Structures are given as C-alpha cells and as structure tokens.
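Below you'll find the structure, written out as structure tokens, and then a few comments.
The values are calculated or read from the model by the stated rules, or taken from the named source; none is laboratory data. The model shown is predicted, which means the values in this text are computed figures rather than measured ones. A quick note on method: Cβ atoms are made from the backbone with ideal geometry, for glycine too, and the neighbour counts reach across all protein chains shown. SASA here: full protein model, heavy atoms, side chains in, ligands and nucleic acids out. Shrake-Rupley method; radii C 1.70, N 1.55, O 1.52, S 1.80 Å.
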Amino acid sequence: MVHLVFCLRRLPHLSREEFQRYWREHHAPLVKSYAGVLGIRRYIQAHTIDAALAEGIAAARQAPDPFDGVAEIWFDLQELSARLATPEAAQAGLALLEDERRFIDLPRSPIFFAEDRVVVGGDGH
C-alpha cells in the first residue's frame, strides 16, 4: 500500500479559512465520489491550525511558511496502475484537477507517493 501525499498551499486570493472550507465541503465529496473508480482506500485531510507552539518550533528550525493543509490518499499501487488506464479514471482525474485549480496554488504544492515506515506506535511501542 502506498499513499499520495499532497502538501497544499492556497491560492493567494483565499484566506486559510476559505481554502479549508472549500477543501472540506466541496473537494472532499468530489474525491469521495471517485473513490471507487480510482481505487482510493483511505483519504485524510490534515488542516493546518494557527498555533503559537507550532510557530516557535518552525522558527527554531528556520522553516518556511507552513502548508495550508496536507492530503493523504492511500492506494494499492498495482491496482492504481490498472485503474489509471481506464477512461473513467482519466475523467475522474481531470475532474479533480479542474476543481483543484479553483483553490490550490498547484505550482507551490508538492505532491509525491510515499510508503510508511512506522517508528513509534501502531506496533505497540
């Protein structure tokens, strides 16, 4: 199992609140509607919150501004490859991309596939 990690930055004309509301109320149901076609096993939205503690941690590391959120979508890699070859999946991918252009600053939002390596938790340690 792999997951797609999408580190999101909002379009400049949107506030973080507007961005997160659109993502949660409009984009999430769209992703859910295509879950079967794309073979999505799990979809999580991590919404960035404003927290003084996070600012201090970031400042100590000279970190760039935080992302507005992170999406994680889990797939079976072989199944995903097969599904992406179908016209239905191509249509779903295009619909998702068109919607993402409405609220995500795509050139500033890294996206990649990853595998988890559990270090703490999940295995009782």
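Of note:
- Taking residues in the range 83-110 that are closer than 11 Å to H27 by Cβ and at pLDDT 95 or above, and partners anywhere that are of a type in the set (K, R) and not in a helix (DSSP H, G or I), the pairs with Cβ atoms closer than 9 Å and at least 6 places apart or on different chains are F103/R10; I104/R9; I104/R10.
- Of everything listed in (1) in a strand (DSSP E or B); (2) over 15 Å from the mean Cα position of the chain (by Cα); (3) not hydroxyl-bearing (S, T, Y), the single unmet condition for A54 is (1).
- For G121, the test of being modelled with pLDDT under 95, on the phi > 0 side of the Ramachandran plot and either of a type outside the set (K, R) or open to solvent by 30 Å² or more (accessible area, probe 1.4 Å) (or both) is passed.
- In the range 93-125, residue farthest from I44 (Cα to Cα) [restricted to those that are in contact with a Phe, Trp or Tyr (Cβ under 9 Å, 6 or more places away or on another chain) and among the hydrophobic types (A, V, I, L, M, F, W, C)]: A95
- Test: residue in the range 93-102 that is part of a strand (DSSP E or B) and open to solvent by 50 Å² or more (accessible area, probe 1.4 Å): no
- Residue in the range 71-92 that is more than 13 Å from I40 (Cα to Cα), open to solvent by 90 Å² or more (accessible area, probe 1.4 Å) and part of a loop (DSSP other than H, G, I, E, B) present: no
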